[in-house]
Amino acid sequence: MLAEHEATSRFFERTKLSDLQIAKITGHKDPRMLSRYANLRGSDLANQLW
């Protein structure tokens with residue numbers, strides 16, 4: 001289970017995949033469950049804006 005959490009978190013951190021694409025890969029059907037893995041940092045969000 002820990003490896004699954006780690007892998008899903010890395011999809012958010014290291015790829016430009018959308019939430020929907022990540023959900024398709026990981027098999028999550030509930031966006032609320034998937035959002036548990038999106039530990040987004042404010043600095044990362046700011047960098048994506050500019």
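Quick note: the coordinates plus some simple rules give every number you see, no bench work behind them. Computed from a predicted model, the values in this text were never measured in an experiment. Note that we place each Cβ from the backbone using ideal geometry, even for glycine, and neighbour counts take in every protein chain shown.
Key figures
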{"quantity": "Matching residues in the stretch 21-50 - criterion: being assigned to a loop (DSSP other than H, G, I, E, B), surrounded by 10 or more Cβ atoms within 10 Å (Cβ to Cβ) and either over 10 Å from the mean Cα position of the chain (by Cα) or β-branched (Val, Ile, Thr) (or both)", "calculated": "28"}
{"quantity": "Enumeration of residues in the stretch 1-20 that are over 9 Å from the mean Cα position of the chain (by Cα), not basic (Lys, Arg) and not in a helix (DSSP H, G or I)", "calculated": "1"}
